[in-house]
Every structure is written in C-alpha cells, then in structure tokens.
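Worksheet: one structure, shown below.
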Amino acid sequence: MLKIWIVGSNGQIGSAIKEVVDPLEMEVLNTDIDELDITDTEEVLNYGGISRPDVIINCAAITDTELCEKDPEAAYRVNALGARNLSLIARKMGAKIVQLSTDDVFDGEGNIPYSEFDDTHPKSVYGRSKRAGENYVKEFTHKHFIVRSSWVYGKGNNFVNKVLDAAKKGETLSVASDQIGSPTSAKDLARIILHLIKTNEYGTYHATCKGVCSRYEFAQEILKHAGKEIELKAVAASEVSSERPAYAVLDNFILRIIDVYNMPDWKTSLEEYMNEKRED
Ligand SMILES: NC(=O)c1ccc[n+]([C@@H]2O[C@H](COP(=O)([O-])OP(=O)(O)OC[C@H]3O[C@@H](n4cnc5c(N)ncnc54)[C@H](OP(=O)(O)O)[C@@H]3O)[C@@H](O)[C@H]2O)c1
C-alpha cells in the first residue's frame with residue numbers, strides 16, 4: 001500500500017486530498033504547522049526518516065499574497081526553503097514528491113494560456129518565492145511532480161466563500177472583470193494529484209479545470225447556484241487587488257498531449273461544490 005505524507009494537511013488542498021483519498025488504497029500521514037514546521041530542517045529530516053513515506057505531497061505554503069509582500073523573509077522561508085527541506089528528505093528516502101505551485105510564477109501580462117514550457121516571470125514576492133520552491137525541488141529530486149494550478153476553491157478562505165459571505169450580508173461586491181482565469185475545485189486538483197503519484201510520469205504539470213472566465217463571470221455563476229442576488233459591480237482589477245496576475249490562464253498542455261487525465265469543466269465542478277455545500 002502506498003504511504004503518502006500530506007504536508008499542510010489542514011489547508012484547502014491538503015483537506016481536499018484527505019477527503020478524496022481512498023484509505024483502502026493509500027496509507028495517509030497528515031501534518032500541518034502545529035505538528036511540523038517545514039522550515040525546521042532537522043524536524044523535517046527526522047519526521048521523514050522515521051515515518052518513511054513513499055510520496056510527500058507539499059501543500060504547505062504562505063498563500064496570503066499581501067503577507068508575502070509585507071514579509072518576504074517569511075515567504076521565502078516557507079515557500080522556498082520549506083520545499084527544499086522536503087526535497088532533501090524525499091531524495092534521501094527515494095520518495096516521490098509533489099510540489100504544489102501556482103500561475104503566479106508567470107507575469108499574467110499575456111493573453112495566450114501559459115504552458116509548462118513557457119518561461120516564468122513572477123512579479124510578486126509570492127510568485128517569486130513559489131518559483132524558488134519549484135527550483136529547489138527540481139534541483140534536489142528527480143522523482144518530482146510540480147503541479148501548478150490557479151483560482152482554487154475548497155474548504156477555507158477563497159473567492160467562492162467571499163462572494164457567498166457578501167451575498168449573506170446583502171453587500172454590494174466589486175469584482176474585477178479584467179482578471180481572467182480557470183476556477184478549479186480543490187477536490188478536482190486532489191484527484192489529479194492522487195492519479196499522478198501512482199505513475200512515473202515526472203515533471204511539471206498545469207492542472208486547472210477546463211474553460212476560462214473573468215472574476216466577474218465567476219461571481220455571477222456562484223450567485224446563480226446560491227440562488228442569491230446582490231449588486232455586483234464590474235471593476236478594473238487595479239481597483240480591487242493589485243498583486244494577482246491579470247491573465248492567470250494555464251494550458252494543461254502536458255496532461256493533454258500524454259492523454260492521461262481529463263480535468264472537468266469549471267462550471268460542472270462549481271456545481272458539484274455548491275451542491276455539496278448545500279448538503280453540509
Ligand atoms: N489556493 C489557490 O488558489 C492556489 C492556486 C494555485 C496553487 N496553490 C498552491 O497550493 C498549495 C496549497 O494551497 P492552499 O490553498 O491549500 O493553501 P492554504 O489553504 O493556505 O494551506 C496552506 C497550509 O500550510 C500551512 N503552513 C503554513 N506555513 C507552514 C509551515 N511553515 N509548516 C507547515 N505548514 C505550514 C498553513 O497553516 P496556517 O493556515 O496556520 O498558516 C495551511 O494549513 C500552495 O503551495 C499554493 O501555493 C494554491
């Protein structure tokens with residue numbers, strides 16, 4: 001049975017992997033910052049050496065982009081050096097490693113979906129620290145999957161919940177109509193990760209749901225499923241958030257050409273998520 005170690009297991013993507021994994025197929029070890037701080041090199045080496053997982057899935061990160069701008073040292077410590085520490089133990093044990101990454105490694109100034117072969121050019125501290133994490137993983141391990149995604153929503157702080165909160169309070173919401181991306185449910189991302197780790201198809205992957213929309217259209221679709229109506233104002237991205245790439249569309253190029261996995265359409269995934277939320 002494959003033994004997997006989910007690092008950052010209380011976050012959105014870590015939680016989704018815990019939910020989706022089949023316990024009859026894989027043994028799961030979970031840690032988050034309270035159990036193990038990935039910036040502590042000795043602790044990481046000790047934990048990995050004792051628990052000996054076959055696969056390390058690194059979902060731990062500082063994902064608050066504003067916090068990264070304010071405290072770049074913390075961003076690099078966790079997003080870059082944390083990934084390095086996990087790579088060191090992965091290499092030592094011959095384990096596979098999955099490094100979660102982001103469209104923020106691109107500058108978002110283009111208008112053609114970014115493929116895995118496009119040069120990175122991050123503009124924010126968050127994006128630069130995540131690229132540094134990717135580079136450490138590439139440098140220290142060869143059995144790696146770098147999985148970049150974008151506009152992920154699951155359990156926790158995310159755009160879907162922000163829109164639903166505003167709807168509950170009846171607030172007017174200003175949403176960027178010039179920010180373009182592919183909303184991706186954390187569960188769909190979890191499923192592709194759990195698929196990839198059973199293979200030896202190492203390398204960098206873009207994994208987002210199919211289809212593209214603006215933040216504004218995304219908000220409209222969320223409200224439609226919630227059956228709520230609030231005033232939505234379409235504004236320029238610069239009026240609401242300056243740090244995120246305007247064009248966040250990733251092309252799932254490798255998944256397509258090796259034809260191993262098909263990501264669902266973003267609207268279908270959102271519907272599944274909203275239905276589950278209603279049942280909770
Ligand atoms: N969300 C997105 O839209 C998105 C898109 C593309 C890629 N990603 C990538 O996917 C990964 C997971 O994202 P997510 O949305 O699940 O993030 P998240 O919800 O913020 O979860 C990250 C988890 O890591 C923990 N953590 C922070 N510092 C740590 C440390 N030093 N040691 C151990 N754990 C630590 C966090 O704990 P605290 O909450 O206590 O800090 C949190 O539980 C990240 O690498 C992110 O860059 C996310």
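No value in this document is a laboratory result; all are computed from the given coordinates. The structure displayed is predicted, hence computed values, not measured ones. Heads up, the Cβs are rebuilt from the backbone with ideal geometry, glycines too, and the neighbour counts pull from every protein chain shown.
Brief remarks follow.
- Residue list for region 211-244, given a label point 7 angstrom along the Cα-to-Cβ vector of Glu271 and an amide N cut-off under 19 Å: 211-214, 217-228
- Added length on full extension, which subtracts the Cα-Cα distance from 0.36 nm per residue, Lys92 to Lys123: 7.8 nm
- Taking 18 Å as the straight-line reach from the Cα of Lys267, the aspartates and glutamates in range (excluding those fewer than 8 positions away in the same chain) are Asp188, Glu217, Glu221, Asp251, Glu276.
- Taking 14 Å as the straight-line reach from the Cα of Lys228, the aspartates and glutamates in range (excluding those fewer than 8 positions away in the same chain) are Asp165, Glu171.
- For the chain, a Gaussian network of Cα nodes joined below 10 Å ranks Pro183, Pro53, Pro264 by mean-square fluctuation, and the top entry is Pro264.
- Distance from the C-alpha centroid of region 198-271 to that of region 94-158: 15 Å, rounded to the whole angstrom.
- Virtual spin-label span in nm between Val240 and Ile112, 7 Å along Cα→Cβ: 2.9
- Extension gain from Gln220 to Glu27, taking 0.36 nm per residue of separation minus the Cα-Cα distance: 65.5 nm
- With 26 Å as the limit, the listed pairs Lys70/Lys168; Lys169/Lys277; Lys187/Lys233; Lys168/Lys233 have Lys70/Lys168; Lys187/Lys233 beyond it between alpha carbons.
- Residues of region 184-219 with amide N under 19 Å of the 7 Å Cα→Cβ point at Lys233: 215-219
- Those trypsin sites (Lys or Arg not before Pro) in region 166-214 that DSSP places in a loop and that have at most 14 other beta carbons within 10 Å: Lys198
- Pairs exceeding 19 Å between alpha-carbon atoms, taken from Lys92/Lys143; Lys92/Lys130; Lys3/Lys198; Lys138/Lys210: Lys92/Lys130; Lys138/Lys210.
- Neighbourhood net charge (15 Å Cβ-Cβ; Lys/Arg +1, Asp/Glu -1) for Lys138: +3
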